[in-house]
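Step one of this worksheet: look at the structure below.
The values are calculated or read from the model by the stated rules, or taken from the named source; none is laboratory data. Since the structure is predicted, the reported quantities are computational estimates derived from the model, not experimental observations. For neighbour counting, all protein chains shown are included, and Cβ atoms are generated from backbone atoms with ideal geometry for every residue, glycine included. Each accessible area value is taken on the protein alone, full model and side chains, heavy atoms only, with ligands, DNA and RNA left out. Shrake-Rupley method; radii C 1.70, N 1.55, O 1.52, S 1.80 Å.
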Amino acid sequence: MKTLIWTLPTRIFHWLLALGFTTTYILGDFEEIINFHFAFGAFVSVLILFRLLFGLIGPKYSHFKDFPIGINHQKAFIKNYFSKDLYVGHNPVAALVMLTILLIGLLCGISGFLLTVDGNNILNTIGNTELLKDTHEVLANVFLGLVIMHLLGVLSDAVFHWKTGTLTSIFDGYKNVEAGNAKLNIFQKAFSFLWFVIPFIFFYLAFGLQPINSKENNEYKNERSRNEDGDDD
Ligand code: HEM
Ligand code: HEM
């Protein structure tokens, strides 16, 4: 029997996240066009923030209460991995990896944001920029590591639990399982509309940020300290 597990918002989120993360990660290495990195990074971060909220108010299977992350679930899953597929939504290991992806992704976005300043320089309050840069880079690489684990998990699932149809479920939403269909209420539909509009606004806003050590920002700081020295005289 085919059952709807991933409703449209979860699937749209998934593919925007996959594309957004890949683009942001690659753009991090191109200093001349770093504003595109800021824009895509902000897009991904806000997308993730909405997914975290959807985990609290969303439908069956996408709701965090349906993420079987407890130790007993992990044990049962590993013990039965080759004999039967016990889980309808995310399996216990997948649920842990998914949650970690969301949390690390959000922290990565926040650390990146703190490495920038806006036109009025009001964000530039961070003392140790080098430490923050290293933190941002480490978080981005942990994110990449989790994505690789995720892809290996999906591949292994496609081999050992191919009848469940997990791989195709992230495209059409359906798995071959006997369970209740996921369904969106009107509130969740309205929330989903904002979910896929607001990240584009942040994309646009973040494009105008400057790197914390940019030429313009250093000139601003020099000018400010000259003015302060002038005031002292
Ligand atoms: C940068 C790339 C990717 C990232 C960051 C990513 C991240 C995620 C996340 C966060 C979820 C949980 C969705 C939710 O509950 O809202 C998920 C689910 C899923 N992803 Fe990905 N994904 C990526 C690429 C891919 C690719 C290339 C495929 C397959 C071709 C794939 C297949 C799946 C499947 C099948 C699920 C559902 C798993 C399940 O039923 O437990 N993902 N992914
Ligand atoms: C989850 C989203 C993000 C990912 C995966 C990511 C990833 C990366 C990567 C891989 C680098 C290159 C690190 C290196 O090789 O030195 C980088 C650099 C950087 N990112 Fe992000 N980033 C994200 C979000 C953001 C955001 C939202 C901002 C700012 C609004 C930002 C600001 C920066 C800055 C300023 C650098 C340059 C740091 C330096 O000079 O070394 N990032 N990021």
Full-extension gain in nm, Lys189 to Leu53, via 0.36 nm per residue minus C-alpha separation: 47.6 nm
Rounded Å value of the spacing that divides the Cα centres of segment 150-166 and segment 94-115: 24
Cα long-axis angle, helix 215-232 against the chain (0 to 90 degrees, to the nearest 10): 40
Chain lengthening between Val159 and Glu178 when straightened (0.36 nm per residue, less Cα-Cα): 4.8 nm
Cβ-defined net charge surrounding Glu137, 15 Å radius [Lys, Arg +1; Asp, Glu -1]: -3
Percent carbon-and-sulfur accessible area, segment 2-232, ignoring ligands, DNA and RNA, probe 1.4 Å: 68
CD proxy at 222 nm, helix term only [per DSSP H run n ≥ 4: -39500 (n - 2.57); per residue of the chain; nearest 500]: -21500 deg cm²/dmol
On Cα atoms only, tilt of 186-195 relative to the major axis of the chain in degrees: 40
Simple Cβ-charge dipole of the chain, Lys/Arg +1 and Asp/Glu -1, about Cα centre, in debye nearest 20: 1980
Counted charge near Ser111, where neighbours are those whose Cβ lies closer than 15 Å (Asp, Glu -1; Lys, Arg +1): -2
Value of relative contact order over the chain, rounded to a whole percent, pairs C-alpha under 8 Å and six or more apart: 34
Lys/Arg +1, Asp/Glu -1 at C-beta; the chain dipole; positive extreme among Asn176, Gln74, Phe193: Asn176
Percent breakdown of C-alpha pair distances by 10 Å bin, ordered from the shortest bin, for the chain: 7, 28, 29, 19, 10, 5, 2, 1, 0
Backbone N within segment 58-99 under 18 Å of label point (7 Å from Ile198 Cα along the Cβ vector): 58-59, 63-64
Accessible area expressed per residue, the chain, with surrounding protein chains retained (probe 1.4 Å, Å²): 59
